[in-house]
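Reading through the structure tokens given below for one structure.
The values are calculated or read from the model by the stated rules, or taken from the named source; none is laboratory data. Everything numeric in this text was worked out from a predicted model, so none of it was measured. Quick reminder, even Gly has a Cβ in these numbers, built from the backbone with ideal geometry, and neighbours come from all protein chains shown.
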Number of protein chains: 2
Amino acid sequence: MKAILIGFGNVGRTIARILSVERQRFPGLQDLDLKVVGIFTRTRGSIVDDGGLDLACALDAIEQHGRFLPEMKGYCGMSAKEAAEVLDYDVLVELSTLSIDTGGEPALSHIKTALQRSKHAVSANKGPVAFAYHELKKIADEKGVKFLFESAVMDGAPVFNMARNCLKGCQVEEIDGILNSTTNYILTRMEEGISLEEAVREAQKMGFAEADPSNDIDGWDAAAKICVLANAIMDAEINPKEVKRKGIRDITCEYIKVVRQKKKCLKLICSAKKVGTQVITTVEPVEVDEGHFFASVKGEGAVIRLKTDLMGPIIVTQEAPDLYDTAYGVIDDLLTIHRKTI
Amino acid sequence: MKAILIGFGNVGRTIARILSVERQRFPGLQDLDLKVVGIFTRTRGSIVDDGGLDLACALDAIEQHGRFLPEMKGYCGMSAKEAAEVLDYDVLVELSTLSIDTGGEPALSHIKTALQRSKHAVSANKGPVAFAYHELKKIADEKGVKFLFESAVMDGAPVFNMARNCLKGCQVEEIDGILNSTTNYILTRMEEGISLEEAVREAQKMGFAEADPSNDIDGWDAAAKICVLANAIMDAEINPKEVKRKGIRDITCEYIKVVRQKKKCLKLICSAKKVGTQVITTVEPVEVDEGHFFASVKGEGAVIRLKTDLMGPIIVTQEAPDLYDTAYGVIDDLLTIHRKTI
């Protein structure tokens with residue numbers, strides 16, 4: 001199976017590492033016969049090799065020089081857009097980051113192009129799913145290919161795969177949870193007496209908050225995630241701009257103290273609920289009882305609860321997600337396509 | 001698809017109810033084309049109809065008379081063993097209860113017979129999986145049929161299905177959790193000041209503890225469950241009698257008080273861990289920190305944590321399981337067979 005990767009940041013490089021230098025450690029991946037034939041980045045150059053790139057080499061280049069070098073085998077000036085349109089591949093893997101302003105572009109177009117060419121698409125970027133799930137799924141179905149995005153919510157912790165395979169006789173009626181790790185880390189640190197600004201800086205240093213933290217602290221990332229869930233699992237048609245959204249920007253340590261005195265924890269809760277034929281989505285800080293499942297999710301953890309007509313509620317918690325978990329979400333999708341198990 | 005049910009207690013009747021009188025409520029089951037052609041019980045009689053039994057009628061008989069009546073259409077004296085051997089069916093559904101003394105019999109033999117006849121088998125009874133997983137799986141594989149048992153651990157909450165479909169690139173290295181609802185209920189009530197004996201009586205009244213509570217309070221049910229997990233997910237070969245097992249029979253309210261004063265909760269924890277080529281399994285009461293995920297599981301709740309080589313840990317929690325959850329585990333297996341999605 002031939003894949004092209006769009007984006008080669010932390011997640012892309014972790015995938016490359018798992019599939020190359022660390023591969024021996026993971027016997028469960030033995031049958032994954034995957035050739036990466038192109039890697040496309042916005043600022044670090046791009047490389048192409050129809051016979052399969054040497055991923056260890058690609059990793060080396062980024063680690064040593066911060067980019068692909070013109071003297072590397074396969075170095076090229078091709079854009080991701082062009083690659084999606086003209087290259088010979090079986091699956092396009094979108095690893096770029098969420099852009100709310102552009103409505104999920106350019107990732108959305110890359111995926112659409114791939115699907116229209118009857119290629120599978122895997123997206124770690126939640127934007128295309130949040131803004132255009134039904135459009136993309138329809139093309140995928142028409143062309144008989146897969147459009148998968150397990151890592152868009154809670155990394156590789158099974159959410160979409162679980163709904164598809166393990167709750168196949170149920171209708172999901174309500175979803176809630178803590179889906180943004182960065183704000184959960186910030187709120188946990190604020191409980192320990194640190195200011196929001198300091199906690200943001202810590203999260204940036206630790207690599208899971210971006211330079212501009214507004215996607216996290218204004219609730220945009222959480223809003224995109226609840227849209228992905230509502231669209232893909234509850235058949236809603238909603239985009240992040242339509243979510244009732246309140247972030248944590250204005251939360252103070254004093255407020256957190258008051259909440260703690262009530263034996264509660266402040267959590268940024270995402271929810272989607274079927275009300276008649278509508279799905280109502282919300283992102284907002286909520287005071288949660290100390291003994292509640294959601295309160296036990298500290299730091300960068302995340303949790304989701306699914307309520308269905310027949311079964312549940314089922315709660316899936318991620319204790320301490322790292323880059324391997326995000327990478328695994330993509331790899332699980334690749335395995336699903338490879339084993340044609342859906 | 002033709003099924004025979006062995007056992008028609010609470011779970012069997014809930015399945016029958018979901019598939020008949022309540023079916024309209026569950027649109028996700030629309031495509032499940034299932035004909036129950038036989039129901040066999042030890043003490044309530046048996047009924048057979050190759051054209052498909054009227055499940056609503058069967059439910060009525062039990063509700064009104066406590067048993068099937070000789071004047072009912074299809075009433076017969078056939079034993080479950082004979083039915084497994086001679087009837088024409090596609091899937092045998094084992095709904096009898098765990099028997100440690102007999103090493104999972106007679107359910108084990110019923111399932112073996114079905115598999116040897118190239119029929120699928122679904123077991124809500126954990127005994128056959130705890131005592132003979134590899135033997136039964138081997139026959140199923142040789143005959144090209146399925147042997148599924150989702151509800152054997154944590155009812156319909158996805159465990160085996162999740163490992164099979166959502167963690168397919170991972171090797172599970174460690175499992176721990178609270179798997180016996182009855183003891184968790186008892187320990188929760190003891191924290192509230194009630195004695196073990198009283199709590200057992202409450203659980204019996206509420207219908208989730210059996211008349212002889214020793215399977216629960218001596219840790220046998222938990223031991224069987226950790227065996228099922230170790231055998232089916234971690235490739236161990238162990239039976240419940242080999243588990244290092246300590247129940248809660250000797251736990252006193254005084255001891256629970258001391259634990260609570262330390263800001264801890266006492267939980268009956270099951271665990272299985274790979275150590276070299278071995279899998280070490282344990283069931284024992286453990287003092288868990290108040291803020292821990294496991295501590296937030298109160299009453300009849302249950303929780304499992306999977307650690308793998310690549311992904312996780314992932315924690316799946318059941319908030320308040322009821323008979324619909326157990327029934328759903330069986331129905332999900334039937335859907336898996338019906339849709340041939342494995």
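Count of the range A:38-53 residues, restricted to those that are surrounded by fewer than 22 Cβ atoms within 10 Å (Cβ to Cβ) and of a type in the set (Val, Ile, Thr), is 3. For the condition within 14 Å of chain B (Cβ to nearest Cβ), touching a Cys at 6+ places or on another chain (Cβ under 7 Å), closer than 16 Å to A:Thr183 by Cβ and not in a loop (DSSP other than H, G, I, E, B), A:Ala222 does not qualify. In this structure, B:Asp88 does satisfy being charged (D, E, K, R), touching a strand residue (DSSP E or B) at 6+ places or on another chain (Cβ under 8 Å) and away from chain A (no Cβ under 14 Å).
Please determine whether any residue of the range B:290-300 is closer than 17 Å to B:Glu192 by Cβ and touching a Lys or Arg at 6+ places or on another chain (Cβ under 6 Å). The answer is yes, given that some residue of the range B:290-300 is closer than 17 Å to B:Glu192 by Cβ and touching a Lys or Arg at 6+ places or on another chain (Cβ under 6 Å).
Touching a strand residue (DSSP E or B) at 6+ places or on another chain (Cβ under 9 Å) and within 14 Å of chain A (Cβ to nearest Cβ), is that true of B:Ile15? Here the answer is yes, as B:Ile15 does meet what is asked.
In the range A:291-342, of all residues being among the acidic types (Asp, Glu) and at the interface with chain B (Cβ under 8 Å from one of its Cβ atoms), the one that is farthest from B:Ala295 (Cα to Cα) corresponds to A:Asp332.
Scan the range B:204-229 for residues that are within 23 Å of B:Thr281 (Cβ to Cβ), under 15 Å from the mean Cα position of the chain (by Cα) and free of Cβ contacts under 8 Å to residues at least 60 places away in the same chain and the total you get is 2.
Results for (1) within 19 Å of A:Gly9 (Cβ to Cβ); (2) in the same structural domain as A:Asp176 (by TED's automatic domain parsing); (3) assigned to a loop (DSSP other than H, G, I, E, B); (4) under 14 Å from the mean Cα position of the chain (by Cα), shown as yes or no for each residue.
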{"position": "A:Leu92", "(1), (2), (3), (4)": "yes, no, no, no"}
{"position": "A:Glu105", "(1), (2), (3), (4)": "yes, no, yes, no"}
{"position": "A:Lys112", "(1), (2), (3), (4)": "no, no, no, no"}
{"position": "A:Leu115", "(1), (2), (3), (4)": "no, no, no, no"}
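As for the range A:146-154, it holds no residue that is free of Cβ contacts under 8 Å to residues at least 40 places away in the same chain, surrounded by fewer than 22 Cβ atoms within 10 Å (Cβ to Cβ) and in contact with a helix residue (DSSP H, G or I) (Cβ under 6 Å, 6 or more places away or on another chain). Provide a single number: the residues in the range B:234-255 that are part of a helix (DSSP H, G or I), surrounded by fewer than 23 Cβ atoms within 10 Å (Cβ to Cβ) and in contact (Cβ under 8 Å) with a residue 60 or more places away in the chain. Residues meeting the conditions: 2.
Every residue, every condition in (1) among the acidic types (Asp, Glu); (2) free of Cβ contacts under 8 Å to residues at least 60 places away in the same chain, yes or no:
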position	(1), (2)
B:Leu98	no, no
B:Pro106	no, yes
B:Ala114	no, yes
B:Glu135	yes, yes
B:Lys143	no, yes
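Contact annotation: no residue pair with Cβ atoms under 8 Å, 6 or more positions apart or on different chains, pairs a residue in the range B:27-49 that is not assigned by TED's automatic domain parsing to the domain that holds B:Thr14 with a partner that is surrounded by 23 or more Cβ atoms within 10 Å (Cβ to Cβ) and in a strand (DSSP E or B).
Checking each residue of the range B:164-174 against the condition of being of a type in the set (Lys, Arg) and within 14 Å of chain A (Cβ to nearest Cβ) gives at least one match.
From the list B:Lys267, B:Lys246, B:Lys257, the lone residue that is among the basic types (Lys, Arg), at negative phi, modelled with pLDDT of 95 or more and in contact with a helix residue (DSSP H, G or I) (Cβ under 8 Å, 6 or more places away or on another chain) is B:Lys267.
Each row is one residue, and each column tells you yes or no for (1) acidic (Asp, Glu); (2) under 22 Å from A:Asp33 (Cα atoms).
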residue	(1), (2)
A:Gln64	no, no
A:Glu71	yes, no
A:Met78	no, no
A:Val86	no, no
A:Tyr89	no, yes
A:Glu94	yes, yes
A:Ser109	no, no
A:Leu115	no, yes
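The residues of the range A:256-277 that are over 20 Å from A:Met190 (Cα atoms) and without any contact (Cβ under 8 Å) to a residue 60 or more places away in the chain, listed by number, are A:Val275, A:Gly276, A:Thr277. Consider A:Ala130 carefully, then state whether it is buried (at least 22 other Cβ atoms within 10 Å of the Cβ) and either in contact with a strand residue (DSSP E or B) (Cβ under 8 Å, 6 or more places away or on another chain) or within 14 Å of chain B (Cβ to nearest Cβ) (or both). Considered against the rule, which asks whether it is buried (at least 22 other Cβ atoms within 10 Å of the Cβ) and either in contact with a strand residue (DSSP E or B) (Cβ under 8 Å, 6 or more places away or on another chain) or within 14 Å of chain B (Cβ to nearest Cβ) (or both), A:Ala130 comes out as no.
Looking at (1) touching a Cys at 6+ places or on another chain (Cβ under 6 Å); (2) closer than 17 Å to B:Leu108 by Cα; (3) not hydrophobic (A, V, I, L, M, F, W, C), which one does B:Pro158 not meet, given that it meets all the others? So the condition that B:Pro158 fails would be (2). Of the numbered criteria (1) within 14 Å of chain B (Cβ to nearest Cβ); (2) among the basic types (Lys, Arg); (3) surrounded by 13 or more Cβ atoms within 10 Å (Cβ to Cβ), the one A:Arg25 fails is (3).
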